[in-house]
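Heads up: the structure comes next, in structure tokens.
The values are calculated or read from the model by the stated rules, or taken from the named source; none is laboratory data. It should be emphasised that the depicted structure is a prediction, and the values quoted were computed from it without experimental measurement. Neighbour counts are summed over all protein chains in view; Cβ atoms, including those assigned to glycine, are modelled from backbone coordinates with ideal geometry.
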Amino acid sequence: MKETLIFGHKSPDTDSITSSIVMTNLEKHLGGENPKACRLGKLNKETEFALNYFKVDAPELIESIEEGTDVILVDHNNFSESVDGIEKANILKVVDHHCIANFETSSQLFYLSEPVRMYRNNSF
């Protein structure tokens, strides 16, 4: 069965790893086609602690993907921060909070880009 790989950026931090896990669970609930959380690098100590604390397995490490692989990108959109082979992947969705940089696809996709703001005293 074909998988949809879901991953954040290289040198993953906690938000990149947890975003891939959360998006995978959301895709399962939405009826996505066999979603699978992945990571593009070694976990840092903070992320290891969080995953251990909540008893959640780390996503599988991948280093490259084949042409035509279905993917969902979280916490990044810049190809230089992504997996080897991303230029020839079938990008289905992007959920990110960074500026859009160096990003182009050959087909339509779902794209959500919303900045993360810090709230202080009920204002931005």
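Residue count for region 89-115, restricted to those that are among the aliphatic types (A, V, I, L, M), in contact with a strand residue (DSSP E or B) (Cβ under 8 Å, 6 or more places away or on another chain) and modelled with pLDDT under 90: 3. If you go through region 26-38 one residue at a time, do you hit one that is part of a helix (DSSP H, G or I) and surrounded by 13 or more Cβ atoms within 10 Å (Cβ to Cβ)? There is at least one residue in region 26-38 that is part of a helix (DSSP H, G or I) and surrounded by 13 or more Cβ atoms within 10 Å (Cβ to Cβ). For region 25-53, the candidate set comprises residues that are modelled with pLDDT under 95 and of a type in the set (Gly, Ala, Ser); within that set, the residue that is farthest from ILE6 (Cα to Cα) is GLY31. All told, THR14 falls short of being within 24 Å of GLU114 (Cβ to Cβ), of a type in the set (S, T, N, Q), at pLDDT 95 or above and touching a Lys or Arg at 6+ places or on another chain (Cβ under 7 Å).
Note on region 43-75: residues that are farther than 14 Å from THR14 by Cβ and either crowded, with 16+ Cβ neighbours inside 10 Å or without any contact (Cβ under 8 Å) to a residue 12 or more places away in the chain (or both) total 9.
The number of residues in region 51-81 that are at positive phi and out of contact with any Gly (no Cβ under 7 Å at 6 or more places or on another chain) comes to 2. For region 76-83, the condition holds for no residue, the condition being that it is of a type in the set (Phe, Trp, Tyr) and more than 14 Å from PHE7 (Cα to Cα). Whether a residue is outside any helix (DSSP H, G or I), in contact (Cβ under 8 Å) with a residue 12 or more places away in the chain and of a type in the set (A, V, I, L, M, F, W, C) was assessed, and ILE17 does not pass this test. Condition check for GLU67 on (1) over 25 Å from ALA101 (Cβ atoms); (2) charged (D, E, K, R); (3) not in a helix (DSSP H, G or I): one failure, at (1).
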